[in-house]
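Down below is the structure, laid out as structure tokens.
The values are calculated or read from the model by the stated rules, or taken from the named source; none is laboratory data. These numbers come from a predicted model, not from an experiment. Cβ: placed from backbone, ideal geometry, glycine included. Neighbour counts: every protein chain shown.
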Amino acid sequence: MPKAPAKNPILLAAGGTGGHLFPAQALADVLIQRGKSVALVTDKRAEGWAEHFPGDVHTIIAGTVTGASIETKLAGIWRLLKGIVQAYRLLGQVRPSLVVGFGGYPTVPPILAAKLRGIPTMIHEGNAVMGRANRFLAPRVNRIATGFPLKGDAFPEKTVVTGNPIRKPVLHAAGTAYPPLSESSIIRLLVFGGSQGARVMSDVVPNALQHVAEDLRKRLHVTQQARDEDVLRVTKIYEKLGVHHNVQHFFEDLPKRMAESHLVIGRAGASTVAELGIIGRPAILVPLPGALDQDQAANGEVLEAAGGAVILAQNTAFTPVSLAELLERLLADPLRLQKMAASAKSIGVPDAPSRLADEVLSILSGG
């Protein structure tokens, strides 16, 4: 017998990537624990992920209105208008009590449709600078929740810092103490960078280890995420150097591996910085260059300012030689790494899903 649709659910709107979907799912789990029903609206990229969401999942058309040509922009506007019409109809069917957006262009039609129907709205911004979709929506929503204090916050009267909701495995890993590190023990290095960042990690990190002192190199155990086409190349370099390694395209248990690591090298996405804070691990962060909003640079600055990370700009400082020099300094100073781990943990917000749920229920109660 088909499941009856939830009555007046809280509708979560998210772009079709993990950085938007994971926080939405974390909030959904808490809301369900508090007796609320939830639903999700996203785009087709998330169709394979729908089975993981604890509620009904709906998809709509969405598109950006940016582009190099007038034709591209007009096509984006047309898709946006079609998405608004779809979202307006969907909201008429679902009748949500509140719509919460998590960033990405698929959140724009549901939020605008909610405003047209008089339904209260809220957005969550995971980065330290607001993305373009959320920046467009910010003046139009009832409340803004953020993962970090925002740079250039224009709406302080309705903005609250809740932290970034993170996955349950991250919370489980957060109970792992920083691994002891002596002058002769194995040093565990975790390297990852997501689909956009793994290539530069594969180009720089293995070559950097060629410049590291041999006695230090022999103690390293590197766990590295790499693109499929780079796995063999990276593996061969580590084999030649005699570095213990585990190079794969994807790790299901990345939070656990982060907790086991003495040092992390990665991008500075909102989820990565939040997870480093929750688990409490020192990091070398390489923000994705060329981003219009420079969101990763701003996220990394939050962790660096707390003392939990060192930032290396990809285009100027992230070279094999400079990385090797930094690794030698950090890995030769266990006390500094421990302090960096504690500093990283100081910015973690493990109860972010609960804080975000509090804001949602506050809006529903008229607060």
_Unique match (being of a type in the set (Gly, Ala, Ser), surrounded by fewer than 22 Cβ atoms within 10 Å (Cβ to Cβ) and farther than 19 Å from Val204 by Cα) among Ala313, Ala306_ = Ala306
*List the pairs whose first member sits in the range 181-193 and is closer than 16 Å to Val273 by Cβ, whose second member is assigned to a loop (DSSP other than H, G, I, E, B), and whose Cβ atoms are under 6 Å apart, counting only residues at least 6 apart or on separate chains?*
Leu190/Ser261; Gly193/Arg267
*Return yes or no: is Pro169 out of contact with any His (no Cβ under 6 Å at 6 or more places or on another chain) and either of a type in the set (Ser, Thr, Tyr) or over 30 Å from Glu260 (Cα atoms) (or both)?*
no
*Any idea how many residues of the range 117-131 are in a loop (DSSP other than H, G, I, E, B), among the hydrophobic types (A, V, I, L, M, F, W, C) and either free of Cβ contacts under 8 Å to residues at least 12 places away in the same chain or touching a Lys or Arg at 6+ places or on another chain (Cβ under 7 Å) (or both)?*
2
*Residues that are in a helix (DSSP H, G or I) and of a type in the set (Gly, Ala, Ser), drawn from the range 15-30*: Gly18, Gly19, Ala24, Ala26, Ala28
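Residue-wise test of (1) in contact with a Pro (Cβ under 9 Å, 6 or more places away or on another chain); (2) surrounded by fewer than 20 Cβ atoms within 10 Å (Cβ to Cβ); (3) modelled with pLDDT under 90.
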residue	(1), (2), (3)
Gly126	yes, no, no
Thr146	no, no, no
Ala154	yes, yes, yes
Val161	yes, yes, no
Asn164	yes, no, no
Pro180	yes, yes, no
Glu183	yes, yes, yes
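Each row is one residue, and each column tells you yes or no for (1) within 17 Å of the chain's Cα centre (by Cα); (2) assigned by TED's automatic domain parsing to the domain that holds Glu275; (3) under 16 Å from Ala270 (Cβ atoms).
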residue: Ile144; (1), (2), (3): no, no, yes
residue: Gly147; (1), (2), (3): yes, no, yes
residue: Leu150; (1), (2), (3): yes, no, yes
residue: Ala154; (1), (2), (3): no, no, no
residue: Val160; (1), (2), (3): no, no, no
residue: Pro180; (1), (2), (3): no, yes, no
residue: Glu183; (1), (2), (3): no, yes, no
_Index of the failed condition, Glu229 passing every other in (1) farther than 18 Å from Leu326 by Cα; (2) touching a residue at least 24 places away in the same chain (Cβ under 8 Å)_ = (2)
*Quick one: which residue in Thr72, Thr42, Thr107, Thr59 is among the β-branched types (Val, Ile, Thr) and surrounded by fewer than 15 Cβ atoms within 10 Å (Cβ to Cβ)?*
Thr72
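For the subset of the range 185-228 comprising residues that are assigned to a helix (DSSP H, G or I) and basic (Lys, Arg), which member is modelled with the lowest pLDDT?
So, considering only residues that are assigned to a helix (DSSP H, G or I) and basic (Lys, Arg), the one modelled with the lowest pLDDT is Arg199.
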